[in-house]
1. Kindly report the accessible area of region B:248-337 per residue (heavy atoms of protein chains, probe 1.4 Å, no ligands, DNA or RNA), in Å².
2. Per residue of A:48-54, count partner chain C-beta atoms within 10 Å of its C-beta, then hand back the mean as an integer.
3. Accessible area per residue of region B:78-208 at 1.4 Å probe, in Å²?
4. Starting from the Cα gyration tensor of region A:10-75, multiply each eigenvalue by 5, take the square root, and state the resulting semi-axes largest first in whole Å.
5. Round to a whole angstrom and tell me the spacing of the C-alpha centers of region B:86-111 and region B:265-337.
6. Can you give me the convex hull volume of the Cα atoms of region B:182-337, divided per residue and expressed in Å³?
7. Hey, can you grab everything whose amide H is under 5 Å from the amide H of A:Lys144? Only 5+ residues off in sequence or another chain; H modelled, so Pro and N-termini drop out.
8. Tabulate in residue order the Karplus-calculated ³J(HN,Hα) for region B:175-187, using 6.51 cos²θ - 1.76 cosθ + 1.60 with θ = phi - 60°, rounded to whole Hz; enter x for Gly and Pro.
Amino acid sequence: MGYLNNSVITIDAILTKKGRELLASGQKGFEITQFALSDDEIDYTLYNPSHPSGSAYYGEAIENMPLLEAFPDENQVMKYKLATFPKGTAVMAVLDLGQSSVNMLQVSKKSITPQTLNYLGAGQTSAETGGYIFTISDVRLFSKFQADSKPSDIQVYGTNVSKTVTGNTLNLQATGVNTLFGSRTTLQTTLIVTGVDSGTRLQIPVTIRRSPLYNGGNETT
Amino acid sequence: MENLNPKDIVTSIDSVTSTVWSDNAPTLTHFYTSSVQVAGNSGRFYSSVYQTGSDESNAAVQFDVAYCDEQGSGSVFYNALVTGSSPSRTNYGQYRNLIIGDEYGSFVFGDYTGSYFYAITIDRARYKEKIMLGTMDLSIKKGANVVKLTDNSSIQTTQVFKDAGRKYELVSGSAGTVYTGKNDNGWTTSSGSYGWVLPDVGIILLNGAALDGSAAAGGVLLATGRNSNQNDTGSKKLIDALNTGDVFTLNSEETLSSKYLFIRARNKDYNYTSNPSFISGSTGEILYDSFIYNPKTYVTTVGMYNADQELLAVAKLSRPLLKDFSKEVLLRIKLDF
């Protein structure tokens with residue numbers, strides 16, 4: 001008779017850019033209250049249910065793979081969250097934003113209301129009860145980045161910090177700050193939308209075009 | 001995302017000790033200087049000591065040695081018209097301000113008021129938070145004369161504080177054990193103690209008069225040069241004596257606050273994934289039929305969030321961890337501050 005393995009796996013964590021930002025700012029926001037698990041880097045097509053050596057070897061190609069270290073950029077980790085569904089679930093939730101990219105003119109407004117396919121049942125599309133998590137990689141590109149009608153609180157310090165809001169509809173207004181463009185005519189960033197209940201995630205590019213008619217709040221003719 | 005139970009968050013404050021020197025070496029036996037640094041402007045004030053030749057790729061400053069003199073002796077005046085104003089005088093004032101905090105204060109080593117001393121300042125990254133008391137073993141040798149020095153924390157009954165934190169006397173001994181052959185306190189016979197150990201700022205002061213004394217008195221006849229308006233290379237003399245002595249052992253001490261989070265994935269949880277390779281096509285069908293009633297996922301990453309769902313910290317496993325309806329996972333995440 002052997003000993004049961006009762007060991008606990010201990011792993012070291014690193015702070016993300018957002019974590020460091022909140023820790024440095026001394027705001028109350030640096031308080032860990034929730035967790036999620038993800039399977040970033042796993043390619044399930046490597047799982048081989050017809051492995052000649054039997055079921056103990058189906059996951060062989062995955063279980064022995066070395067993993068990369070954690071990235072500090074909060075937008076590049078926790079991409080594919082593990083989710084809890086009842087046994088027998090045959091279809092996974094799929095996020096639908098109704099668009100594959102966001103293109104906006106300077107100071108223009110836009111709303112995005114995500115829907116989730118298979119959320120209530122196979123083939124049905126609906127909004128998730130818990131809403132959606134919207135993360136913009138560079139919040140400087142917006143003067144308004146709010147979920148539903150919650151107050152928009154954008155504080156930027158010159159660097160490209162991300163911002164996360166939660167709700168059912170994302171309301172955006174592109175920045176009116178001309179200096180951000182420099183000599184460029186467009187600014188790019190990414191928008192990440194994650195279903196709170198399903199964990200399903202989509203990342204789409206965001207492009208803000210400089211308006212030749214916009215002059216720091218004074219429209220020219 | 002799942003809320004953490006407050007009982008699953010534990011804060012631990014631990015004292016971590018390690019060696020002070022590069023490559024985790026417990027003892028420094030060779031003491032190298034940089035001819036460029038010594039010849040430069042900073043060389044007038046102090047000499048940096050490396051664990052290997054300063055031009056080696058792994059060379060790192062271990063500590064600096066500065067000679068300090070109340071009268072400004074042993075170094076050349078900044079201006080010949082201003083007598084006594086020299087780097088050694090500047091050093092003296094600097095350490096007096098830092099350690100005593102009173103421009104009229106004196107350095108009293110044991111029962112002897114010293115007017116000149118050597119200051120060893122350990123590189124900040126090496127001593128981390130503070131010098132670990134009772135670990136020092138410093139050997140100074142010139143010719144046939146040798147003294148072994150340590151701090152007197154093992155016999156000092158009353159905690160003494162200066163403006164730079166705790167103060168201990170530097171006495172004859174080794175690794176915290178005080179030698180009382182010359183004096184019951186481990187001092188010299190007539191020049192007081194061998195200096196001060198200031199663990200909170202990583203500074204060791206060496207009483208020049210004690211080292212200059214005879215072997216019978218407890219010194220090594222270091223022969224500190226105290227000529228006026230003359231570079232007597234005080235720090236070099238001490239470094240030469242360290243090289244001959246061949247032993248400088250010291251440990252550092254640091255208080256680390258760690259937060260441990262215990263993450264539990266119960267058997268019914270986290271058995272499906274939003275990973276795009278888990279489904280086939282655009283309508284969400286699961287990749288393999290066997291995954292419908294016996295799904296298998298692989299945990300690689302743990303994300304920790306605040307109430308606003310902002311990702312504050314992330315931890316990666318060294319290899320994928322299998323999760324299915326028959327398995328539970330318990331992970332302990334360590335966050336150091």
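The values are calculated or read from the model by the stated rules, or taken from the named source; none is laboratory data. Everything numeric here is computed off the predicted structure, so don't read it as measured data. Using ideal geometry, Cβ is built from the backbone for each residue, glycine included, and neighbour counts are taken over all protein chains shown. Ligands, DNA and RNA are excluded from the accessible area calculation, which covers all protein heavy atoms including side chains. Shrake-Rupley method; radii C 1.70, N 1.55, O 1.52, S 1.80 Å.
1. 37
2. On the way: counts 1, 6, 1, 0, 0, 0, 0.
For this peptide, the per-residue mean of nearby foreign Cβ atoms is 1.
3. Numbers: 5530 Å² over 131 residues.
That works out to 42 Å² per residue.
4. Values: eigenvalues 278, 24, 18 Å².
Calculated on Cα positions only, the semi-axes equal 37, 11, 10 Å.
5. 61
6. Numbers: hull volume 44.3 nm³, N = 156.
Cα-based convex hull of region B:182-337, divided per residue, equals 284 Å³.
7. A:Gln173
8. With the stated coefficients, region B:175-187 comes to 6, x, 8, 8, 8, 10, x, 8, 7, 4, 8, x, 8 Hz.
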